[in-house]
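The values are calculated or read from the model by the stated rules, or taken from the named source; none is laboratory data. All figures in this text were calculated on a predicted structure; none of them were measured in a lab. Counting neighbours? That spans all protein chains shown, and the Cβs are built from the backbone with ideal geometry, glycine included. Ligands, DNA and RNA are excluded from the accessible area calculation, which covers all protein heavy atoms including side chains. Shrake-Rupley method; radii C 1.70, N 1.55, O 1.52, S 1.80 Å.
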Amino acid sequence: MAISVPADAATIFPPHVFDQVGRAVQDQLFDRLADISDDLNTIGDKGFKPRLADRWEWSRDSLSVAFHINPRARWHDGQPVRASDVRYSYRIFTDPKVGSNVTSEISTIDSVSVRDSLTAVVWYKQKRPEAFYDFVYQIYIVPEHVYKDIPPEQLRTSDVTRKGIGSGQFRLARWDAGQRLEIVADTANYRGRPKLDRVVWSMVPDAGAALAQLLNGQADFLEFVPPDQLRLVDSSKADRTLPYPSLQYAFLGFNLVDAKDATRPHSIFGDRQVRRALSMALDRKAMLQNVYGTFGRMSYGPFPRSLSYADTTLHLLPYDVNAAKVLLDSAGWREPSPGAVRQKNGRPLRFSLTLPLSSRPRVAFGVLIQEQLRRIGAQVDLDQVQGKYMRRAFQLQIDDAPAVWLYDLSTVAGIQRRIHPTVLRADGWSIHLPDWTIPPNERIARDRVGLGGATP
Amino acid sequence: MQPPIRVSAPAERLAASGLASAVTSAQIPPDEPARARRTPTALWWSLAFIVLLCLIALFAPLLAPYSPNEQLDIVGLKTRPPSFAHPLGTDQYSRDLLSRLLFGARISLSVAMLAVLLSATVGTAYGLVAGYLGGRVDAIMMRLLDACLSIPRVLLLVALLALWSPVPLGALIAIIGFTGWFEVSRLVRAEVLSVMQRDYALAARALGTPGLRIVWRHVLPNVLTPVFVAATLGVANVIILEAGLSYLGIGARAPTASWGSIFFDGSDAFQTTWWIALFPGLAIIMTVLAFNVFGTALRDALDPHQLAGGDAR
Amino acid sequence: MRRYVAARVGQSLIVVLLVTTVSFFLIRLAPGDPFSFAGEMAMNPAVRDRLRAQFGYNRPMVEQFVLFVGNVARGRLGYSHSMHRYVGDVIVDVLPRTLLLMSVALLLSFVIGVAVGALQALRRGTWLDRMLSSVLLAFYSIPDFWLALMALLALGYWVPIFPAGGMVDQIMHDYMSLGGRIRDVAAHLVLPAITLALLSAAGIARYQRDALLDVLPQDFVRTARAKGVGERMIVLKHALRNALLPVITLLGLSLPSLVGGAFFIEKVFAWPGMGYVAANAIASRDYDLVTGTVIAGGIVVTLGSLLADLLYAAADPRLRAR
């Protein structure tokens, strides 16, 4: 099977993996101790099914859990999987010298010990409903014997991490960086032979070319087809579309604190009335339909609609341009002349909205928001940032005022790692749309939901 | 004005500059054949087209039925094919494509012309200085130029614009302009060298005319013609370049309409909403073609013997 | 001759050094570094700082430069943080692919250009001459990415004669015989190479035509004509040989635009070469890799023009004497 993707994985070494492709490949090559079931229940361990561990038991005080590793599990190089591998995996995931991406999310774990060669015990600092999830979901088990001779700080640059030796149902066959990555079935796997023999990710950066490849049979699978082009796929004989609900949602985030002094409120967004006015000026329904056609769903809060606990009874601010204008007037932002940019004490109602160029839907929302806010006298500058990467302005925020960006969405477990704040700028503000590839859920800021907000 | 004697065959140019790589340009558009008879027609047609374009750009606000950034109805009027109300259709944000194209002419043409003006000025100055001073200074300046010419311009531009993005329009013009003058200065320097060898320049020098004055009175006028031709061809190239940068999403900043950015908006969905990408694409091709025809026709009209000169992409 | 060669090689070295310096500073001075991106948002600031220190991104620019030059001199171009590989290794991998594309395109444009130019000179002033000029000028006026996209849609999708991008058949390539593999690459090469060739063929054809027209009135041609040699023969045998010489120079000079054109064409056709890698590197703020590709591009251009000059010198008696 050939999967067409826009960009290559940066790495497939689990502690460093961060992009979509890397994640997908890692899921095939490596195993977690247990897997989340389809109901996505992350509380306790009821929702988990065995993977590398065939069973586990909690200690009486619920502060430790012992995992029994499947005795038939083998690494791709033939060595058996041992409890010491679990301990080693925990160590490299938490070692600051390795620089893992998930270290902050597994801080509730105290340590991992080895009871016998097939039993690893995970110790927690405190009880938490999602304690089990924290360890099991975040930590992929990697083979100690492969990596142990490499100093931790060199793992990032070591070629060994590109060999992808794991215990998953597929093994890495070939990886031509930037071109293709191929995995093949691990025929002797403890979980049995997978149904596919080979899977190839091939990198096609141009979206039009990727679609053409899908339609002429060069590629078998393309994850994202823009709604506008769906009928091309529908009308082809070989391909069919398969809509699936996404665990992602999008929102507009406001930067609530002053860029220079994080203890002071933001000069525009610090005012709740202004935030309400800006929200009310946006026709969320129309924008959603514009970008996603009939596939998007309005969200009612910071959670995807597909989740069982999504609450659709929450009150949303109405779309009411006139009310928005009145609100702005009363907040002191007035139009010097009809149609001009509003001002307050000589400061124009002007701010920038940062978007990644790589995401067409988000760029589309940016353009729509820009025009709708222009109609109520707010000037929005779009900062389109290249790729997945941030600008200096953003670093300033991150490095100098980390508190602004601390958020913990683990209650919406599973999507937590997906939230990439994309954003803002020293003079102002932030828009914050999480990363997504498949659209169905989307939401544009409801008041007070700045994830970036330091205020509750 | 005395017709400039231009070194034509590469071998002679080698002798003039001491370096084979001094041969001016690689990308020389083919010319209109049978020049003597046909050139004026091509010249006038292309000139007329360019003037028309400039007028359109100038009077875009009067000609355009809508404001270029106005989103008319983001649900009802999204990606409408060409119709009576919207002759070129609407884009995915329900903006009138004709209006955007008319306003886009302003950005595309002004970016190209200003950038080329900048590179022509810098290039002429650099070439004059190098050619006039000669000797070691000239050699150093030429090596520097070789280095600049060897950096793949597109790669460098993309890297710069992407790493510094978002770049305001002024900076975009400056960056394009400052990476485009190398060819011009080469051309100018060769011209200076040949003019300085000519009788009247030698005579003026023998009479004790100050150097600057020789440059001003004799060299500059001779240089301006080829520079103008190169600039015309340069405009064509910069329009393509700007379109390419916009195609990568790092050209003009949204919602500013330039032909490149409109094309970018439509390029993904070419197979379904073809009109969004097709019309700006045609506008680019026709304009570039007009400038190329004008440039080559002009060159042939002014100097039937010259083979090279122009601007590399 | 030997002195000329030595001088030319020396000049090329200086040029490469200058290219290295200029590209290093222009790129490094841009804001951000490989560790300031969203994907690793969760990375804690201490880790980020340690990584910056480990790879020297926290040092003053001048110091970074000295380090960089030292490394380059030892053949180490730095480390690509987006691909987790050494830049040198990456370039060694992808440069041949770009060179393959470029050399085939160069050859094609040379063949097309010379043939069309000769045909035009032979039929100068006729409708054919005019039409060929116009067609080539039209191709020259089409933006490269647009031409590539159109070619891809037309011949890769609407009438799927050729594969729509990529360098090999991703699924079957490894299971093919040697001949099959070569055919596979060739099939994938057709569209990008022709697109790239068409963009520069216009210049060569014009040059060839004019050079021929310059040669035709010369004495030896007149002699041949007087001897009753046919016009076609004159162009093919006598004139063409003389007029080919300048075209060699032109080939060397068309390299910068080919490298630029390859950037867009590789992107559209997913041809995994330098331009393609550079585009990814830029998106990842992978400074070492961006710098590496720009420098590699510069070296290709410099070497190309050096080669063209030396070829030219070897062919030109006046220079051979030196």
Mean Cβ neighbour count within 10 Å, used as a protection proxy, ranking B:204-217, A:73-86, A:52-65, B:273-286 highest first: B:273-286, A:73-86, A:52-65, B:204-217
Under 5 Å from the placed amide H of residue A:382, counting only residues 5+ away or on other chains, we find A:353
Partner chain Cβ atoms within 10 Å, averaged over the residues of C:158-166 - can you pull that number for me? 6
Cross-link reach from residue A:344 to lysines, straight Cα distance under 18 Å and at least 8 residues apart if same chain, gives A:325
Working with all protein chains in place, sort A:127, A:163 by solvent-accessible area computed with a 1.4 Å probe, largest first. A:127, A:163
Per q in 0.13, 0.17, 0.23 1/Å, what log10 I(q)/I(0) does a Debye calculation on the alpha-carbon atoms of segment C:80-131 return? -0.53, -0.64, -0.83
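How many Å² of accessible surface get buried when A and C come together, counting both sides, probe radius 1.4 Å, rounded to the nearest 100?
Numbers: alone 21710 and 17770 Å², together 34870 Å².
Looking at A and C, the buried total is near 4600 Å².
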From the phi angles alone, apply the Karplus equation (6.51, -1.76, 1.60; θ = phi - 60°) to segment A:43-56 and give each ³J(HN,Hα) in whole Hz, x where the residue is Gly or Pro. 7, x, 10, 4, x, 10, 10, x, 10, 6, 8, 8, 7, 8
Roughly how many Å is it from the Cα centre of segment B:99-149 to that of segment C:253-297, as a whole number? 24 Å
With no solvent and one equal point scatterer per Cα, compute the Debye intensity ratio I(q)/I(0) for segment A:31-154 at 0.21 Å⁻¹ and report its log10, rounded to two decimals. -1.28
Would you please give the FRET efficiency between residue C:92 and residue B:121, computed as 1/(1 + (r/R0)^6) with r the Cβ-Cβ distance and R0 = 41 Å, to the nearest 0.05? 0.50
Setting aside same-chain residues fewer than 8 positions from residue B:78, which lysines have a Cα under 23 Å from its Cα? A:285
Got a sec? Charge dipole of segment B:179-313, +1 on Cβ for Lys and Arg, -1 for Asp and Glu; which of B:227, B:208, B:255 is way out at the positive end? B:208
Order of B:61-69, C:82-90, B:151-159, C:224-232 by packing, highest average Cβ count within 10 Å first? B:151-159, C:82-90, B:61-69, C:224-232
Test item: C:74-82 mean partner chain Cβ contacts at 10 Å: 2
If amide H atoms are built 1.01 Å from N in the plane of the peptide, which residues on other chains or at least 5 residues away come under 5 Å of the amide H of residue B:92? B:79
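May I ask you to derive the FRET efficiency for residue C:232 and residue B:224 from their Cβ-Cβ distance with R0 = 41 Å, giving the value to the nearest 0.05? Could the numbers behind the result be given before it?
Values: r = 42 Å, r/R0 = 1.03.
Here the calculated transfer efficiency is 0.45.
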Explain nothing, just the number: dipole magnitude of segment A:31-154 about its Cα centre with +1 on each Lys and Arg Cβ and -1 on each Asp and Glu Cβ, in debye rounded to the nearest 20. 280 debye
Quick one: dipole size for segment C:70-214, taken about the Cα centre, charges +1 on Lys/Arg Cβ and -1 on Asp/Glu Cβ, in debye to the nearest 20. 240 debye
Across C:84-93, the residue-averaged tally of Cβ atoms belonging to other chains within 10 Å stands at 3
Using the Kirkwood formula on alpha carbons, the hydrodynamic radius of segment C:86-320 in angstrom works out to 19.5 Å
Place +1 on the Cβ of every Lys and Arg and -1 on the Cβ of every Asp and Glu in segment C:86-320, take the dipole about the Cα centre, and give the residue among C:164, C:177, C:226 whose Cα lies farthest towards its positive end. C:226
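Dipole of chain C, Cα-centred, from +1 at each Lys and Arg C-beta and -1 at each Asp and Glu C-beta, to the nearest 20 debye? Could the numbers behind the result be given before it?
Details: 30 positive and 20 negative charges, 253 e Å.
Approximately 1220 debye in magnitude.
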Could you compute Rg(Cα) / (2.2 N^0.38 Å) for segment A:14-92, with N its residue count? 1.19
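What pairs from A:49/A:163; A:46/A:163; A:97/C:267 go past 32 Å between their alpha carbons? Display every interim value, and only then the final one.
Values: A:49/A:163 28 Å; A:46/A:163 34 Å; A:97/C:267 36 Å.
From A:49/A:163; A:46/A:163; A:97/C:267, over 32 Å: A:46/A:163; A:97/C:267.
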What FRET efficiency comes out for the pair residue C:176/residue A:347, r = Cβ-Cβ distance, R0 = 56 Å, nearest 0.05? 0.25
Report, ordered by chain and residue number, the lysines lying within cross-link reach of residue C:237, taken as a straight Cα distance under 18 Å and ignoring same-chain residues fewer than 8 apart. C:227
